Structures are given as C-alpha cells and as structure tokens.
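Engineer: Can you read through this structure? Questions will come right after.
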Amino acid sequence: MLYKRSSALFKDAQEVIPGGVNSPVRAFKGVGGTPIFAKSAKGAYVYDEDGNRYIDYINSWGPMLLGHAFKPVVEAVKAKAESGTSFGMPTAIETEIAELAVSMVPNIDKIRFVNSGTEACMSAIRLARGFTGKEKIIKFSGCYHGHSDAFLIAAGSGGATFGTPNSPGVTQGTAKDTLLADYNNLQNVEALITANPNEIAAIIIEPVAGNMGCIPPKYGFLEGLRTLCNSNGILLIFDEVMTGFRLAKGAAQELYNVDADIVCYGKVIGGGLPVGAFAARNEIMNFLAPVGPVYQAGTLSGNPLAMAAGLAMLKAINSDDSLFKRLEDKTLYLHKGMTQVLTEFNIDHTVNRVGSMISVHFHKDPVYDFETAVNGNNETFKAFFHSMLKQGIYIAPSSFETWFITDALSYEDLDETINAVRNFAKEL
Ligand code: HOZ
C-alpha cells in the first residue's frame, strides 16, 4: 500500500497541530509509523487520501454502529442544515430525541444533551457531588471517562497508550478526590469506602471497559457495586459512552440488569456528530440548573444538526429488533475465526468480547483488569497492527482500545479479516 499523500499531510499537520492530530491516539505513536489520513467512508469501509480501502474496526471510535455515511443520518443532517445550524434557543427536536432516548433506556426519567462523552462524565460527577454533598469519587484503573481533570488518573485509552495515565496539569487537590480501585475487584472498592467513611459521592465505571481493550465485568461485579452504593449512600455512575445504544437498546444496564443512578452517553447517541448526554431519575436530574443548583451549560448543546443525526440513529436502532443479535453473531464469528487461527499458530492470545465490542490481547492468561491488560505483548501487537493495516484492515492503533463492530460488515469482510490474521500469523 502507498501512503505518500498521508505522509505529506501528516508532515504539514505537525507544523500547525500538536503531534499533527486533534486527539492523541490517532497519531500511531503507540504502534509506530505514520497515521493514515481519512478521505471518505461508506458502510464498513474507510478510504484514505492515497486511495487505499480499509475494512474499518474503529468506526470513528464507536459511533458508526450502522456503518459510515448511514443514509438516514446523512439525509437528516442535510435537511436540518437548510433551516439553520445553531440557535442557542430550545428546539423541538431536542424533546423528540430526549423522549425517544428515555423510552429506550430503563431507569431514566430525564436526559441532558452535551457535546461529548468527556462533558457528559465531567457533568455527571459534578451532579453527583452536588446531589450527595460529598466530594470524593472512585474510578477504576484503566477506565477512561474523557479528559477532564478528575479522570486523568490511572486513565486508559491514550493515557495508557502513551504511558501518561496521570497527566501533568491535574492539581494535587483534584487528584486527591479521585480514589482508584482495580476493575473487577469488589474487595478493593469496599476497602476504599471503609477508609473514606461518608466522603464518597460516586463510583464511576465503564460497565464494559473499552479503554484498556475490551474487558467484561466479572459475574456479580456490577451487582456488587450496586449493593455497596446502596448501603453507603453513594451514587453509581455508568459511563456508557462506548456501550450506550450499542450493546442493547438499554445498553449495559439492560444487559446486566443493574440500574445505575446516573448514566453517561456519547458516540452512538450522536450518529457521528458531536453529542454526549447524561441521564438519571427525576430526583437527581432536578438538581441541575435551571431547576436545581448544580450548574451546567453549553452554547452548542442540543445543536440541531447533532440532534437530527442522533435522532435518525436512535430511530433506526429502536425499529430494528434483530440488530443486536446480528451484531453479536458477526462479532462472535470474528472471535471464533481469530481464536482458531491464533491457536493453530501457537500465538499467545486472549480475545475478549461483549456484544459488538471485541479486542485481541497477546497474552495467554485472562485479561480482566488494567494490570492484566498491560501484560499483553506490545511488540506482537505492533506487528499485528501493521500487518493488518497493510492488508487493508484498520484496527485501533493501540492495544488499549476496543474494536467496534458495525452492522455494515458482511461475512465476506469478516472472512477477509480472519484471513489477514492468518497471514500475520504465518509471517510472525
Ligand atoms: N478517546 C478515544 C479512544 N477511546 C479516541 C478518540 C479519537 O481519537 O478520535
């Protein structure tokens, strides 16, 4: 494959944008080499500036559940743009998407739209602190809840990729209010609660972690957190930015039958436009301004183009009763195919999967928390990434990211991918 134009564009970009990218993991620093520049995308494929085609397993890091340039979304955005792109006034479409979202998800009465998953999680902890009158939060090592200060402590995603899970610029004052627990370790959480009596406002978690690869919650873990929260007056926040409207209509809350107190959304809910949201029952949401005292605002929040995209996306998901089964079947097919090849070639691996989230860890033992995720062989991952890229398969340029399966993928695409894994295994 030729990457001539991408290389030239990257060179120019580095002159005017830090690292040439507007979000660090895109820069390929974790795997080496030059990032490819996207030119267009349709369905399961993304095309770069040099004209190469890739089967896409990043899918804009999650939003493209139904494939790139999904027609209903594109048409809704085009139509909406004709009547103005932003007003800073309430619009009818905001209520329409809010009603639909609330009807699809168990356990929420009201939802507030923001512009990103980062904003959603940042606002959710402010709300939790305001509601409970307490200041500390518990987060899990390797989970990533966006880049607001309170979360850049043992953060997954780019933080883990670049070895900067604790970012400079976060004050000690902020850091001391974020307590860290190990994913899938209830005893750990219990000990933190005991050591900080009456001080913890919220526990925030990705109910299926996607920022240290894909890591499922162990049986009973989410239920255990729910019980601990109930008995200690702590709010449970599910960061469903990745899982929301992807794992089921009601996402992880529905899949695991555990109710969170506040749920954060992003990615799929915006159909590929910048949208985040957080939601809860009335009692909690009514603490938000202008009804309650906790302030949160945004000039572009509820932007009509973003709402039109999100609404078209949610309508398509809500009206398709076999969607989640199709996604699960495709992901399982890929899981089985890759496992078979890697086993045949004696390559140490663990493949984790929940619904349409999947990741390959080059390690023979189970991967269930950040420590076990870090144990993966990064040299093998790098070789894997570049081999797949050369063969036209675009996976996340970091072993600390989940892959996102889209409904646009055909079984031929999946076979092509499994075949590419076979070629990689032969070469290794
Ligand atoms: N935070 C995203 C990965 N978990 C990366 C977003 C991007 O680079 O577009």
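The values are calculated or read from the model by the stated rules, or taken from the named source; none is laboratory data. All figures in this text were calculated on a predicted structure; none of them were measured in a lab. Please note: Cβ atoms are built from the backbone with ideal geometry, for glycine as well, and neighbour counts cover all protein chains shown.
Engineer: Please enumerate the residues belonging to the range 19-41 that are farther than 17 Å from ALA383 by Cα and polar (S, T, N, Q).
Structural biologist: Within the range 19-41, ASN22, SER23, SER40 meet the criteria.
Engineer: Could you look through the range 1-22, keep only residues that are in a loop (DSSP other than H, G, I, E, B) and farther than 19 Å from SER398 by Cα, and pick out the one that is nearest to the ligand (Cβ to nearest atom)?
Structural biologist: Start the filter on the range 1-22 by keeping residues that are in a loop (DSSP other than H, G, I, E, B), which leaves 1-3, 17, 21-22.
Next cut, farther than 19 Å from SER398 by Cα only: 1-3, 17.
Numbers: MET1: 22, LEU2: 24, TYR3: 19, ILE17: 13 Å.
Checked the range 1-22; the qualifying residue nearest to the ligand (Cβ to nearest atom) is ILE17.
Engineer: Then there is this: Across the range 402-411, what is the total count of residues that are out of contact with any Gly (no Cβ under 7 Å at 6 or more places or on another chain) and either modelled with pLDDT under 95 or not in a strand (DSSP E or B) (or both)?
Structural biologist: Step one: of the range 402-411, the residues out of contact with any Gly (no Cβ under 7 Å at 6 or more places or on another chain) are 403, 405, 409-411.
Still in the list and also either modelled with pLDDT under 95 or not in a strand (DSSP E or B) (or both): 405, 409-411.
Qualifying residue count, the range 402-411: 4.
Engineer: For ILE111, which of the numbered conditions (1) away from the ligand (no atom under 16 Å from the Cβ); (2) in a helix (DSSP H, G or I); (3) under 25 Å from the mean Cα position of the chain (by Cα); (4) in contact (Cβ under 8 Å) with a residue 12 or more places away in the chain fails to hold?
Structural biologist: For ILE111, the exception is condition (2).
Engineer: Among the numbered criteria (1) touching a strand residue (DSSP E or B) at 6+ places or on another chain (Cβ under 6 Å); (2) more than 20 Å from THR91 (Cα to Cα); (3) modelled with pLDDT of 95 or more, which one does ALA279 miss?
Structural biologist: Result: ALA279 fails condition (2) only.
Engineer: Here's a follow-up. Can you go through SER116, SER157, SER148 and tell me which one is surrounded by fewer than 24 Cβ atoms within 10 Å (Cβ to Cβ), out of contact with any strand residue (DSSP E or B) (no Cβ under 7 Å at 6 or more places or on another chain) and closer than 26 Å to GLY270 by Cα? Write out each step before concluding.
Structural biologist: Details: SER116 fails: out of contact with any strand residue (DSSP E or B) (no Cβ under 7 Å at 6 or more places or on another chain); SER157 fails: surrounded by fewer than 24 Cβ atoms within 10 Å (Cβ to Cβ).
Only one candidate qualifies: SER148.
Engineer: Ok, one more. State yes or no: is GLY298 of a type outside the set (Lys, Arg), assigned to a loop (DSSP other than H, G, I, E, B) and surrounded by 17 or more Cβ atoms within 10 Å (Cβ to Cβ)?
Structural biologist: Working: of a type outside the set (Lys, Arg): yes; assigned to a loop (DSSP other than H, G, I, E, B): yes; surrounded by 17 or more Cβ atoms within 10 Å (Cβ to Cβ): no.
Answer is no for this residue.
Engineer: Residues being in a loop (DSSP other than H, G, I, E, B) and either without any contact (Cβ under 8 Å) to a residue 60 or more places away in the chain or more than 17 Å from the chain's Cα centre (by Cα) (or both): count how many of those fall in the range 126-159. Before the answer, list the steps.
Structural biologist: Filtering the range 126-159 for residues in a loop (DSSP other than H, G, I, E, B) gives 133-135, 141-148, 152-157.
This time we only want the ones that are either without any contact (Cβ under 8 Å) to a residue 60 or more places away in the chain or more than 17 Å from the chain's Cα centre (by Cα) (or both), so: 133-135, 147-148, 152-153, 155.
Total satisfying the criteria: 8.
Engineer: So which of SER116, SER86, SER123, SER103 is more than 25 Å from the chain's Cα centre (by Cα) and either touching a residue at least 12 places away in the same chain (Cβ under 8 Å) or under 16 Å from LEU314 (Cβ atoms) (or both)?
Structural biologist: Values: SER116 fails: more than 25 Å from the chain's Cα centre (by Cα); SER123 fails: more than 25 Å from the chain's Cα centre (by Cα); SER103 fails: more than 25 Å from the chain's Cα centre (by Cα).
When all the criteria are applied, what remains is SER86.
Engineer: Then there's this: Just to verify a result, which residue in the range 375-425, among those that are more than 17 Å from GLY158 (Cβ to Cβ) and among the β-branched types (Val, Ile, Thr), is surrounded by the most Cβ atoms within 10 Å (Cβ to Cβ)?
Structural biologist: ILE405
Engineer: Return the residues of the range 379-401 that are part of a helix (DSSP H, G or I) and either touching a strand residue (DSSP E or B) at 6+ places or on another chain (Cβ under 7 Å) or touching a residue at least 40 places away in the same chain (Cβ under 8 Å) (or both); say none if nothing qualifies. Quick ask: steps written out before the conclusion?
Structural biologist: Step one: of the range 379-401, the residues part of a helix (DSSP H, G or I) are 379-390.
Across the range 379-401, the qualifying residues are THR380, PHE381, LYS382, ALA383, PHE384, PHE385, HIS386, SER387, LEU389, LYS390.
Engineer: Ok, one more. Within the range 343-354, is even one residue in a loop (DSSP other than H, G, I, E, B) and either modelled with pLDDT under 95 or within 16 Å of the ligand (Cβ to nearest atom) (or both)?
Structural biologist: In the first step, residues of the range 343-354 are kept if they are in a loop (DSSP other than H, G, I, E, B); the result is 345-349.
Applying the additional criterion that residues be either modelled with pLDDT under 95 or within 16 Å of the ligand (Cβ to nearest atom) (or both) yields none.
Checking the range 343-354: not a single residue is in a loop (DSSP other than H, G, I, E, B) and either modelled with pLDDT under 95 or within 16 Å of the ligand (Cβ to nearest atom) (or both).
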